[in-house]
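Worksheet for the structure shown next.
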Amino acid sequence: MADVPGQRQNPTAFARTAASLAALSLLPCLLWLGRIAYTGHLTYAHVLWNLFLAWVPVLLAWVAARPASTPLWVRAWAAVGWLVFLPNSPYLITDLIHLRPSGQIPLLYDGLLLFSLGLSGLVIGLTTVFWMEQAVATRFGRWVRLAFSLGAMGMAGFGVYVGRFLRWNSWDIVFRPVAVVRELVPYALHPLFHWRGWAVAALFTLLFASVYWPLRALALSHSEGSA
């Protein structure tokens, strides 16, 4: 993770963090190519598209957290887009449901492939949450930034449920907003009736937060130590 205020003063901070995320994302790609070489099958080809979608929040968070010289309306729309596309990153965790014996390659290999994919998505998503939290902190203060990060992870948790179980994706919010809202409004009006959906969202939120806070503490301690 990289500190956004520091990133504004030193553009190489973002480049270093992005390079680290790219290296992490390269692992599932290499494992997938190795699988193709070994089996001759394109199983799990969807990982490339899902990984691409996981990187969209990185670009949007970078734009949203840019210096004040960037027009406010650009940063505002980038922030909205980041929140909409954020679930795509941790969504990669749910691809573990595709793990099953194939008879083509040891199950452990496929397990490592899907685990590395989910790990990449989770770290990518939480890194952008940290960037955005630091950007919010410079403007609104400590307590607002904590509420912001928790709220963002909560929305990401619900977004993962919407994507995996209701089969909507972030692009649908852009191209089919009425249909998406029509299906999601009952979850707000009748939460007890849809308790299973909220329970799944809460479990994912708990997972995100339990990973985020140690990484956040590590990033902040590193930032303070290098200051």
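Nothing in this text is a laboratory measurement; each read-out follows from the coordinates by a stated rule. Predicted, not measured: the structure shown is a model, and the values here were computed from it. Cβ atoms come from the backbone with ideal geometry, glycine included; neighbour counts cover every protein chain shown.
If R0 equals 35 Å, the separation of the Cβ atoms of residue 188 and residue 220 corresponds to a calculated FRET efficiency of about 0.55.
Length gained on full extension, residue 19 to residue 174, computed as 0.36 nm times the residue gap minus the Cα-Cα distance: 52.9 nm.
Across the range 16-24, rounded Karplus estimates of 3J(HN,Hα) from the backbone phi angles (6.51 cos²θ - 1.76 cosθ + 1.60, θ = phi - 60°) give 5, 5, 4, 5, 5, 5, 5, 4, 5 Hz, Gly and Pro being marked x. Full extension of the segment from residue 105 to residue 39, taken as 0.36 nm per residue of separation minus the current Cα-Cα distance, would add 23.1 nm.
For mean projected area of the Cα convex hull in nm², the value computed from the atomic coordinates appears in the list (i) 17.7; (ii) 20.2; (iii) 14.1 under label (iii). Averaged over residues, the count of other Cβ atoms within 10 Å places the peptides 161-167, 36-42 in the sequence 161-167, 36-42, highest first. Name the shape class, rounded, prolate or oblate, that the alpha-carbon gyration tensor gives for the range 107-227, where a ≥ b ≥ c are the square roots of its eigenvalues, rounded holds for a/c under 1.5, and otherwise prolate holds if a/b is larger than b/c and oblate otherwise. Note, shape of the range 107-227 comes out oblate. Fully extending the segment from residue 138 to residue 210, taken as 0.36 nm per residue of separation minus the present Cα-Cα distance, adds 23.5 nm.
Taking every DSSP helix (H) stretch of at least 4 residues in the chain, weighting each as -39,500 (n - 2.57) and dividing the sum by the residue count yields a mean residue ellipticity at 222 nm of -26500 deg cm²/dmol.
Taking the chain as a Gaussian network, Cα atoms linked when under 10 Å apart, which of 188, 137, 217 shows the biggest mean-square fluctuation? Sorting by GNM fluctuation, first place goes to 188.
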